1. If I go through segment 61-88 residue by residue, how many of them are at pLDDT 90 or above, among the small types (G, A, S) and more than 24 Å from the chain's Cα centre (by Cα)?
2. I'd like the full set of residues that are assigned to a helix (DSSP H, G or I) and touching a residue at least 12 places away in the same chain (Cβ under 8 Å), limited to segment 49-75.
3. Suppose we filter segment 112-157 for residues that are surrounded by 12 or more Cβ atoms within 10 Å (Cβ to Cβ) and either touching a Cys at 6+ places or on another chain (Cβ under 6 Å) or among the polar types (S, T, N, Q) (or both); how many remain?
4. Output the residues belonging to segment 147-163 that are over 12 Å from V90 (Cβ atoms) and not β-branched (V, I, T).
5. Being at pLDDT 90 or above, under 22 Å from the mean Cα position of the chain (by Cα) and surrounded by 13 or more Cβ atoms within 10 Å (Cβ to Cβ): is that true of I107 here?
6. Can you say whether T184 is touching a residue at least 24 places away in the same chain (Cβ under 8 Å), farther than 18 Å from L234 by Cβ and polar (S, T, N, Q), as far as the supplied structure shows?
7. From R221, R208, which residue is under 17 Å from V91 (Cα atoms) and among the basic types (K, R)?
8. Any idea which of L276, L238 is closer than 16 Å to E85 by Cα and within 23 Å of the chain's Cα centre (by Cα)?
Amino acid sequence: MQEESKTNYKERLQDMMLRRSSRRKLVDKIVSISAIFSVILSVVLLGSILIEVVINGARALSINFLTLTPGAIGSGLGGIGPAIEGTLIVVGLASAIGAPVGVLAGIYLSEFAGNGIFPSSVRFFNDVLVGLPSIVIGIVAYVTLVIALGSFSVWAGAFALSIIMIPIVVRVTEETLKIVPNSTREAGQSLGIPKRKIIMNIVLKSARSGVITGIILAVSRIAGETAPLIMTILGTDLYFTSLTGPVDALPLRIWRLASQPYQYAHDFGWGAALVLILLVLGLSLSLRLVAHKRGFKIGTIGAG
């Protein structure tokens, strides 16, 4: 009787294990299929956007389109030369401001701050700033710089874009540095190396690929911003004259072209969008090429 009950118990246990195993396999298949479907959907959507931009924008590209100043509204003449130049200047200046500040802030939060009230508050407000609407940042830049300087300027636009860039770089830098093993820091400490040298020469170099990836993501984000530029650089049909004056930019020019009721303007807008995508792509590829020549990869967080 006892042996029979043990046999029944084993059978019930095996049956229960089989049902659990089947359930796990089913859930695993559902999750795998959902993940594959999500990847395919995202690739299709992104690919359709890129194909649409290339098809509609390629026919507008020409030497005159890339070098001339915008023509009179309705004339169908001119180009986007000042917008290309302005984009490079504003984004470059914003990166020169935002990248160092973001990296240093990320180093502080990762290596010095710990988990106290102040660093936790900084992380919280940094995350809030990441999701803050860009038009709000543009209004802040307008109030603090445009009104103070008395005119729209490159400085105001670069300031607004750097505010958008900084929290992205801070978060990526902090998380990348945390991935570096503590044994790396302990090895430097055992040799009597000062903490600042350990961070700059060992930890940061080990995480440099992830940090540069974060900077590329931030630059790609600010390169396409329009709302802050409306409030700060205003836009102009002329080439760059000074840092304290207005300047044109590709996102701003695309917005204005799309707002016009002329077919040529829409074609020019598609062409400007294609140029903007190519500029961001060229920047990413250039940084990857430089990184490759220096012996580390961009896009792999961790030791480079």
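1. Initially, segment 61-88 is screened for residues at pLDDT 90 or above, giving 61-70, 79-88.
Still in the list and also among the small types (G, A, S): 62, 79, 81, 83, 86.
Imposing the further condition that a residue be more than 24 Å from the chain's Cα centre (by Cα) reduces the set to 62, 79, 81.
Qualifying residue count, segment 61-88: 3.
2. Here is the first cut: in segment 49-75, the ones assigned to a helix (DSSP H, G or I) are 49-58, 63-67.
Within segment 49-75, L50, V53, V54, N56, G57, A58, N64, F65, L66, T67 qualify.
3. So the answer is 6.
4. So the first thing to find is which residues in segment 147-163 are over 12 Å from V90 (Cβ atoms), and the list is 147-151, 163.
Correct list: A148, L149, G150, S151.
5. Working: at pLDDT 90 or above: yes; under 22 Å from the mean Cα position of the chain (by Cα): yes; surrounded by 13 or more Cβ atoms within 10 Å (Cβ to Cβ): yes.
In short, yes.
6. no
7. Numbers: R208 fails: under 17 Å from V91 (Cα atoms).
When all the criteria are applied, what remains is R221.
8. Working: L238 fails: within 23 Å of the chain's Cα centre (by Cα).
The unique qualifying residue is L276.
The values are calculated or read from the model by the stated rules, or taken from the named source; none is laboratory data. No experiment lies behind these values; they were computed from the predicted model shown. We place every Cβ from the backbone using ideal geometry, glycine too, and count neighbours over all the protein chains shown.
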